[in-house]
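The values are calculated or read from the model by the stated rules, or taken from the named source; none is laboratory data. For clarity, every value in this text was computed on a predicted model and none was experimentally measured. Because the Cβ atoms are built from the backbone with ideal geometry, glycine has one as well, and the counts that use them run over all protein chains shown. Side chains included, ligands, DNA and RNA excluded: accessible areas come from the protein's heavy atoms. Shrake-Rupley method; radii C 1.70, N 1.55, O 1.52, S 1.80 Å.
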Amino acid sequence: MVRVRYAPSPTGRPHIGNLRSALMAWCFARHHGGRFLLRIEDTDTARYVEGSVEAIYDSLEWLGMNWDEGPVVGGPCGPYFQSERLDIYPDFAERMIVSGDAYRCFCPKERLDEVRAGQQARKEPPMYDRHCRNLPASQIERLAESGIPSVVRLAVPLEGATTYRDAIHGEVTFENGTLDDIVLMKSDGYPTYNFANVVDDHLMKITHVIRGEEFIPSTPKHILVYRALGLEPPIFAHVPMVKAPDGSKLSKRYGATTLQEFRNEGYLPETMFNFMALLGWSPGTDEELLSREEIVRRFSLEGISKSAAIFNKDKLNWMNGEYIRALSVSGLTDRCLPFLKAVGLVSEEAQASRNYIESVIALTQERLRTLNQIAEFADFFFTETVAFDEKAVQKWFRHDYVPEALRRVRERFTALEPFSTEAVEAAARLVAEEMGLENASKIIHPLRVALSGRTVGPGLFEMTAVLGRERCVKRLDSAVGMLS
Ligand code: GLU
């Protein structure tokens, strides 16, 4: 039975690189009919950020990545917050002390700082100098009894190497000489990430640890803990980093980094799922648009690449446009409404004008890349008056025939029955002909500016029909008024 987990530390809103690793674990579990666990690794109280646990739930739910065991849903291996499991870890640490695989360290902070400063000056990697590793038992007892605070450290073998087989990277070897005697238990009784992570993966019967590549250097230390406790380590699969196009770390410079930001910009969850799955995983073909079901069906660790995944915003925008166009008008309207409401273009009681909103959405569906663009593309459908683009006015309102042309169009509009796309078009063309203008574009452009304030937008006649007679006549009146 495959059992995998997502084990975030609540240190802020989850980033897409981090969630992408969770997504791969989720797909792996679903592909194999296994279990996906959520475990909150909150033993570093100093780094805890208020609200991050909720943001973790929210991100997973929004992406449709339900968890089978974990907070909220419970499960047989709970509690799923490490801070609620503090009574579990000391026994494991004690076992390691007894077997000689761990030891108590009483070094005060000042001494550790001094050691580190010396190493820095000599340009050596910072490592604990193992001062307490061979203290005689009697001295340890004395120190402990005198109440001097202590931590528990891993006794890394002094020679040899630690090797493990990574499902993605193959054999990975670290010389033991490069490994630090890391802290397993802190003086306040909390375990460190490295220790609690191993103990819990064991107790929660995790079969595959699927996580980001940045944890490769910690893995040999985890392996040493498993061995010391006589436990079989899980299979490790370290997924590649997500990088910016220039190879640097993904940062604000390339747009959003937390999932919440992408959501606020109007990317659909189905886009994000598809896009994130392809950050480092490939179905083995060039296909790019894959549904969640299809990704799960085809998912395998073999499809994960070793090299960094490049975050390509253009591809994300393209993909979002594809998913937006695949929605029904009504479905897209549901998704756009929160964005229209957020900027005050549509009010809470908007349900009454649902038909109107849907026809507006239908006109913009083709051009939308992100849902938040709806406000910019469609504001004039919802505002009382038109905000004129200065350049558009200068370009299309400066000719002498314009006021008269707009006045005549207005007259015809008042009489049109029905006020349809075809009727509107016929009316505009008729006015161009009547006035002896060489072509209809002489009317079309100023008309668009009068009705929307700008030069680009959806098809003019469709747009006019959707705006409706009343709004159009009013807007033509003010344009004519402005020009006379
Ligand atoms: N708590 C670690 C993190 O925040 C989890 C690492 C792991 O998955 O083992 O990323």
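If the requirement is being modelled with pLDDT under 95 and closer than 30 Å to I97 by Cα, which of these qualifies: G230, G247, G255, G189? Of G230, G247, G255, G189, the one residue that is modelled with pLDDT under 95 and closer than 30 Å to I97 by Cα is G189.
Restricting attention to the range 190-205 and to residues that are in a helix (DSSP H, G or I) and open to solvent by less than 10 Å² (accessible area, probe 1.4 Å), the residue that is nearest to F36 (Cα to Cα) turns out to be D201.
Can you give me the number of residues within the range 210-233 that are within 23 Å of G280 (Cα to Cα), among the hydrophobic types (A, V, I, L, M, F, W, C) and in contact with a helix residue (DSSP H, G or I) (Cβ under 7 Å, 6 or more places away or on another chain)? Walk me through how you get there before you give the answer.
First, pick out the residues of the range 210-233 that are within 23 Å of G280 (Cα to Cα): 210-219.
Checking which are among the hydrophobic types (A, V, I, L, M, F, W, C) leaves us with 210, 215-216.
Checking the rest, the ones that are also in contact with a helix residue (DSSP H, G or I) (Cβ under 7 Å, 6 or more places away or on another chain) come to 210.
Residues that pass the stated criteria total 1.
Pairs meeting the criteria (first residue in the range 1-24 and at pLDDT 95 or above and more than 10 Å from the ligand (Cβ to nearest atom), second residue assigned to a loop (DSSP other than H, G, I, E, B) and open to solvent by 20 Å² or more (accessible area, probe 1.4 Å), beta carbons under 6 Å, at least 6 apart or on different chains) are V2/H32; V2/T207; R3/K205; R3/T207. Looking for something within 15 Å of the ligand (Cβ to nearest atom) and open to solvent by 30 Å² or more (accessible area, probe 1.4 Å) - is there at least one such residue anywhere in the range 169-189? No, the range 169-189 contains no residue that is within 15 Å of the ligand (Cβ to nearest atom) and open to solvent by 30 Å² or more (accessible area, probe 1.4 Å).
Table: residues versus (1) in contact with an Asp or Glu (Cβ under 9 Å, 6 or more places away or on another chain); (2) of a type in the set (V, I, T); (3) within 18 Å of N18 (Cα to Cα).
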position: Y48; (1), (2), (3): yes, no, yes
position: D58; (1), (2), (3): no, no, yes
position: W62; (1), (2), (3): no, no, yes
position: W67; (1), (2), (3): no, no, yes
position: P71; (1), (2), (3): no, no, no
position: P76; (1), (2), (3): yes, no, no
position: Y80; (1), (2), (3): yes, no, no
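Check Q139, Q120 and return the single one that is in contact with a Pro (Cβ under 8 Å, 6 or more places away or on another chain) and open to solvent by 50 Å² or more (accessible area, probe 1.4 Å). Lay out the reasoning, then the answer.
Values: Q139 fails: in contact with a Pro (Cβ under 8 Å, 6 or more places away or on another chain).
Matching residue, one of Q139, Q120: Q120.
In the range 407-417, the residue that is farthest from the chain's Cα centre (by Cα) out of those that are charged (D, E, K, R) and surrounded by fewer than 16 Cβ atoms within 10 Å (Cβ to Cβ) is E411.
Okay, residues lined up against (1) farther than 30 Å from N317 by Cα; (2) touching a strand residue (DSSP E or B) at 6+ places or on another chain (Cβ under 7 Å); (3) touching a residue at least 40 places away in the same chain (Cβ under 8 Å):
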| residue | (1), (2), (3) |
| --- | --- |
| E358 | no, no, no |
| A375 | no, no, no |
| F381 | no, no, yes |
| E384 | yes, no, no |
| Y401 | yes, no, yes |
| L416 | yes, no, yes |
| M435 | yes, no, no |
| S441 | yes, no, no |
| H445 | no, no, yes |
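Of all the listed residues (P245, P234), the sole one being open to solvent by 30 Å² or more (accessible area, probe 1.4 Å) and touching a residue at least 12 places away in the same chain (Cβ under 8 Å) is P245.
One residue is enough: does the range 27-43 have a residue meeting the conditions more than 13 Å from the ligand (Cβ to nearest atom) and closer than 16 Å to M241 by Cβ? The answer is no, given that none of the residues of the range 27-43 is more than 13 Å from the ligand (Cβ to nearest atom) and closer than 16 Å to M241 by Cβ.
Can you name the residue in the range 39-57 that is part of a helix (DSSP H, G or I) and among the charged types (D, E, K, R) and is also modelled with the highest pLDDT among such residues? Quick ask: steps written out before the conclusion?
Keep residues of the range 39-57 that are part of a helix (DSSP H, G or I), which gives 45-47, 52-57.
Applying the additional criterion that residues be among the charged types (D, E, K, R) yields 47, 54.
Details: R47: 94, E54: 98.
Checked the range 39-57; the qualifying residue modelled with the highest pLDDT is E54.
Where helices (runs of 4 or more DSSP H) fall entirely within the range 412-484, those with at least 1 residues that are acidic (D, E) and farther than 23 Å from K391 by Cα are at 421-434, 460-467, 469-483. Screening P71, P125, P108, P90 for residues that are open to solvent by less than 20 Å² (accessible area, probe 1.4 Å) and either on the phi < 0 side of the Ramachandran plot or free of Cβ contacts under 8 Å to residues at least 12 places away in the same chain (or both) leaves exactly one candidate, P71. Being assigned to a loop (DSSP other than H, G, I, E, B) and more than 14 Å from the ligand (Cβ to nearest atom): is that true of V156 here? When the stated conditions are applied, V156 passes them.
Residues checked against (1) assigned to a helix (DSSP H, G or I); (2) closer than 21 Å to V225 by Cβ:
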| residue | (1), (2) |
| --- | --- |
| S83 | yes, yes |
| D87 | no, yes |
| P90 | yes, yes |
| A93 | yes, yes |
| M96 | yes, yes |
| G100 | no, yes |
| E114 | yes, no |
| Q119 | yes, no |
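Those helices (runs of 4 or more DSSP H) of the range 275-366 in which 2 or more residues are touching a helix residue (DSSP H, G or I) at 6+ places or on another chain (Cβ under 7 Å) and open to solvent by less than 10 Å² (accessible area, probe 1.4 Å) occupy 313-326, 329-342, 354-364.
Yes/no per residue for (1) farther than 25 Å from I357 by Cα; (2) buried (at least 17 other Cβ atoms within 10 Å of the Cβ):
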residue: E390; (1), (2): yes, no
residue: V393; (1), (2): yes, yes
residue: V402; (1), (2): yes, yes
residue: A405; (1), (2): yes, yes
residue: F419; (1), (2): no, yes
residue: G436; (1), (2): yes, no
residue: E470; (1), (2): no, no
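Scanning the range 206-230 for residues that are more than 13 Å from the ligand (Cβ to nearest atom), within 21 Å of I168 (Cα to Cα) and not in a helix (DSSP H, G or I) gives a single hit, T207.
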